[in-house]
Each structure stands twice: as structure tokens, then as C-alpha cells.
Amino acid sequence: MTTPASADVRCEILRAAATLFAAGGVSATSLDQIAAELGATKGKIYYHFGSKAELQTEVCKYSVRLMHMAVAPGFHAPGPPGDRLRRMARAHVLAMMCNRPYHRVVVQTYMGGSTSGASGTERAFLDDLIQMTDAYAAMFREVLAQGMEDGSMRRQNLSITLNSVLMMLNAPVFWYHPRPDETEAERNGIAEQVADMALGAVLSPAPG
């Protein structure tokens, strides 16, 4: 059974791993470096994670959980699809900006192919991650489909639309770097602009 103290230690390890993976790349980051970041030994990591590949995948899964917690309230909120999509998009971008290292590791995992040598157990972790990301994307798919159905959004290929919207919303992971003096209002402004740009690609033109 996972105790609160054990869960806290796991989160501490995930945070350190995400920070170092994001900064130097997964393949170039060793468990020794992560242990040093924690001020601990590798044994502390191995007690909770079986390998670096498993740790990498758990960082990615934690990233998806963070995004889901941020976006789900907008998905379940009442209101027309366009309003719900706007809330979801803004929440997605803000969550990504606030937890950028975790999401950078997701990009490395999907684009870098660094889990290609994973064991059977690690492959199972990766399959779980893929299922989680698919379930997350399904929230956006459902709202987009509803908007196309009621005419508030352009009728376009749903899969292409979904992937394009998510690509736009994910873009800050590549170019956003928080400033020490950055204000909450500035972060909110970035999120609003990116969300508006994504919605501009799908909303039907106003009559007249």
C-alpha cells in the first residue's frame, strides 16, 4: 500500500527527474545525477522505480494526470461547446506552462524514441501512458464533435482538427521559458492568446 509519505517521496523523485530530463535530455541524464539532485543514493530511486525507463514513463504519466486535473473541470462544465473548449484550452496551456519540465519529457519520449529498448515491464508502462494520453485527447475530441454537430464549429475532418488544435496548444512547451519576474497576469495573457488562436481555427464565422 502506498502511504502519504511514500507518495511524497515518489513526487519528489519525479520532480527531480523531470527537471534534469528536461534540461539535459533523458539519454544524457543518469540515475546518479538524479540521486545527487535529491541529495540521496540511487537506492532511494530504485525503491520506488525499477529503472530509468520506468521513471521516465512515470514522469510522463504524471504530466498527463496534471493536465487532466486542470482541464477536466472545463470539460464537465455546463455551456456550449465553444465556451467549454475555450476553458479547456486555456487550462491546458496554463498547466503546461506551470509544469513545463514534465511536458518536455513527454515530448522527448514521443519524439526521441528513447524507450525503444524498453523491457516488457517498461513497455507495459508505456502502453499505459498511451492509453492515458488517448483518454485525455478524447475530451477535446468530444467537445469538438459537439461543436461541429451544433454548427458552432466548422465541419472538418475531426481527427485532423483534434491533432491540429492539440499541436497548437502544446506549442508553448517548445518556446515558453518563465521569467523570474513574470506575473500571473502575464501567464494568463499568454494562455488566453494561445487558446484564442486555437479556437480561431475551429469556430464557425459569425453571421453577417
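Heavy atoms only, probe 1.4 Å: what % of the accessible area of the chain goes to carbon and sulfur, would you let me know? Carbon and sulfur together cover 57 percent of it. Packing order of peptides 141-147, 27-33, highest average first: 141-147, 27-33 (average count of other Cβ atoms within 10 Å over each peptide's residues). Given the -39500 (n - 2.57) contribution per DSSP H run of 4+ residues, what per-residue ellipticity at 222 nm results for the chain, rounded to the nearest 500 deg cm²/dmol? Calculated mean residue ellipticity at 222 nm is -25000 deg cm²/dmol.
When all protein chains stay in place and ligands, DNA and RNA are ignored, the 1.4 Å accessible-area order of Glu54, Glu184, Glu37, largest first, is Glu184, Glu37, Glu54. Under the classification rounded if a/c is under 1.5, otherwise prolate if a/b is larger than b/c and oblate if not, where does the stretch 15-65 fall, given a ≥ b ≥ c as square roots of the Cα gyration tensor eigenvalues? The shape class here is oblate.
If you wrap the chain in the convex hull of its Cα atoms and look at it from every side, the mean projected area works out to 13.8 nm².
Average accessible surface for the stretch 1-109: 44 Å² per residue, computed with a 1.4 Å probe over protein heavy atoms with every protein chain in place.
The values are calculated or read from the model by the stated rules, or taken from the named source; none is laboratory data. Everything numeric in this text was worked out from a predicted model, so none of it was measured. Positions of Cβ are backbone-derived with ideal geometry, glycine not excepted, and every protein chain shown enters the neighbour counts. The protein model used for the area step is the full one, side chains on, heavy atoms only, and it has no ligands, DNA or RNA in it. Shrake-Rupley method; radii C 1.70, N 1.55, O 1.52, S 1.80 Å.
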